Each structure stands twice: as C-alpha cells, then as structure tokens.
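Structure record follows, encoded as structure tokens.
The values are calculated or read from the model by the stated rules, or taken from the named source; none is laboratory data. Everything quoted here is computed from the prediction, not taken from an experiment. Heads up, the Cβs are rebuilt from the backbone with ideal geometry, glycines too, and the neighbour counts pull from every protein chain shown.
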Amino acid sequence: MNASALDPDLLVRSGYASLDAGNPAAAEAACRRALAARPDHPGALALLGFVQLSQGRYGESIPVFDRLCLLDPA
C-alpha cells in the first residue's frame, strides 16, 4: 500500500468523488479509512455525515455532526 492510500485528505477527496458518482458505500469506506488514520479529520467527519444523510441514516449522522461541530464550530 502506498503512502497516498493513507493520506486522509486524499481519501476524503476520493470519498466525495464516490458519493458524487452514486457510490455511497465506497464514500463511506474512504471516510472510515481517513478517520482510522486521523480520527478528528473534519473533512472525513463531514463526508461521513453526508453519506449517512444520503442514505436516510439520520440517527447515525447526528453524533457525527455533533462531533464535527465540537472540532470545528465554523
């Protein structure tokens, strides 16, 4: 595995591309890998919340967005 595969920023960009392409499962997998590398990555948390919302998983998205707001109130 190359280093870029573990770069949270690249994983988040890949996740957004997957979500835009209609593949929320791949987007969520990218988020989870990014969060494994950097648990407080705001972009990964935001994308994970968006993925969950896009699938109607509202209850799961609430703690994700709460955590994001604590990390990055802006």
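Is it the case, given these coordinates, that F50 is aromatic (F, W, Y), assigned to a helix (DSSP H, G or I), touching a Leu at 6+ places or on another chain (Cβ under 9 Å) and surrounded by fewer than 18 Cβ atoms within 10 Å (Cβ to Cβ)? Taking the combined requirement at face value, the residue does not satisfy it. The set of residues in the stretch 5-27 being part of a helix (DSSP H, G or I) and either of a type in the set (D, E, K, R) or closer than 16 Å to Q52 by Cβ (or both) consists of D9, V12, R13, G15, Y16, S18, L19, D20, P24, A25, A26, A27.
Being closer than 19 Å to L11 by Cα, of a type in the set (D, E) and modelled with pLDDT under 95: is that true of D40 here? So D40 passes the test. Just so you know, in the stretch 28-45 the residues that are out of contact with any Cys (no Cβ under 9 Å at 6 or more places or on another chain), surrounded by 19 or more Cβ atoms within 10 Å (Cβ to Cβ) and among the aliphatic types (A, V, I, L, M) include one that is farthest from A17 (Cα to Cα), and it is L35. The C-beta contact set for the stretch 16-36 (first residue touching a residue at least 12 places away in the same chain (Cβ under 8 Å), second residue surrounded by 15 or more Cβ atoms within 10 Å (Cβ to Cβ) and not in a helix (DSSP H, G or I), distance under 9 angstrom, 6+ apart or interchain) comprises C31/H41; A34/D7; A34/H41; L35/H41.
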